[in-house]
Amino acid sequence: MADRVRIAIIGAGKVADFHHVPAIRLDSRAELVAICDPDEKLLAARKSEWNVAKATTDYNEIARDESIDAVIVCTPNFTHLPITLACVEHGQHVMAEKPLGVTYGEAKQMYEAARAHRVRHMTAFTYRFAPSMRYVKHLVASGALGEPRHFRSQRFLDWPETSWGWRQYKKLAGAGDLYDMTIHRIDFAEDLMGPVKTVCGAVARFCPRDVTADGKKCEPSDVDDWSSLIGVFENAAVGVWEGSTLMKGYHNDGVGYEWAEVNGSTGSAAYQLTDPNTVMVGLDGKPMQKEKVPDEFLKLPGSPRDPHNGKPSTVFRYDLMWEFVSAIVEGRDAVPGFDHGARAQQIADAVLASNDSRRWIDVPQEF
């Protein structure tokens, strides 16, 4: 590897522009050296905007390039598997957006391939890096809340009822809100509470999304725009998750609304996406009240990010890249890895199976 980790981004859309490029720019150990996207117009614009030397529409060209150390996959869900397999087979480290695949089976295959080729792998579960989420995890792990008994999360967005494009078709996306939003909450619930043992889930589709934003007819959606589940953890604690993209009044400049809490035998703590540098805490019978997150939890150790600079609900996401690059430089597993992404997708698929069968579904740990 060169003096710096040479990174390529495959998929030059909003996620890459919003999350990953600013994070790479902050890290002196990393360099963005190539980009790939099938949209030639977007590719040309990003090449100029991001000041990148190499641009191609063929991801195989990226995979075969021995001068590239690592790849960020920000493409539609149904493309994650073939792109990831191509890159890891050429020894490149890979971070992929969630969900890893359109089924748990695809996600598991990605994990197994990365492990077999001994490359670093990471799932882009950004919310693990929210300061308040990191502090809530500390409160749970330290015993400050007593015995964890209950987890609850709610994620509401107010999105238009027009077409989602590829995101609204099961064969291309795998699922809707469940894979897009609730899967984040499944992941950090296990990070906070330990493994989920069994789930009972339900999904719903409130609107057909059979018209595009410019008024053209299209095939109606066949994925959920509301998802929920009840779960029992291995430690006998319980959890409740709910998410939807169609909750009126929750637009909030595109940020929406999110609340996630852990309730224990001696106290409770809650994180809010809109205010991630504070946390709600109630201990020893006292009411929940807002507190500042202690400084040591505002960013990952060593991260060059200034946690007091920029929009709090945006800038914590840059630590995702810091963790990925750190894992490569230090020769260790990145967290969360493809194993965590596959595990969250295993639980999400159990939700779909529960909805279809109208019964509880056990979720055994396979790795």
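The values are calculated or read from the model by the stated rules, or taken from the named source; none is laboratory data. As the structure is a prediction and not an experimental result, all values here were calculated from the model. Every residue, glycine as well, gets a Cβ built from its backbone with ideal geometry; the counts of neighbours run over all protein chains shown.
So that you can scan it fast, the table gives a plain yes or no per residue for (1) in contact with a His (Cβ under 7 Å, 6 or more places away or on another chain); (2) crowded, with 17+ Cβ neighbours inside 10 Å:
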| residue | (1), (2) |
| --- | --- |
| Asp214 | no, no |
| Ala237 | yes, yes |
| Gly249 | no, no |
| Tyr257 | no, yes |
| Thr274 | no, no |
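Helices (runs of 4 or more DSSP H) fully within the stretch 125-224 that include at least 2 residues being over 20 Å from the mean Cα position of the chain (by Cα): 131-142.
Could you please let me know if Thr266 is crowded, with 20+ Cβ neighbours inside 10 Å, farther than 20 Å from Pro294 by Cα and in the same structural domain as Met193 (by TED's automatic domain parsing)? In short, no. Residue pairs whose Cβ atoms lie under 7 Å apart, sitting 6 or more positions apart in sequence or on different chains, and linking a residue in the stretch 185-204 that is not assigned by TED's automatic domain parsing to the domain that holds Ser132 to a partner that is of a type in the set (Phe, Trp, Tyr) and not in a strand (DSSP E or B), do not occur here. Residue count for the stretch 33-55 under the criterion of being under 19 Å from Gly91 (Cβ atoms) and either under 24 Å from the mean Cα position of the chain (by Cα) or among the β-branched types (Val, Ile, Thr) (or both): the result is 3.
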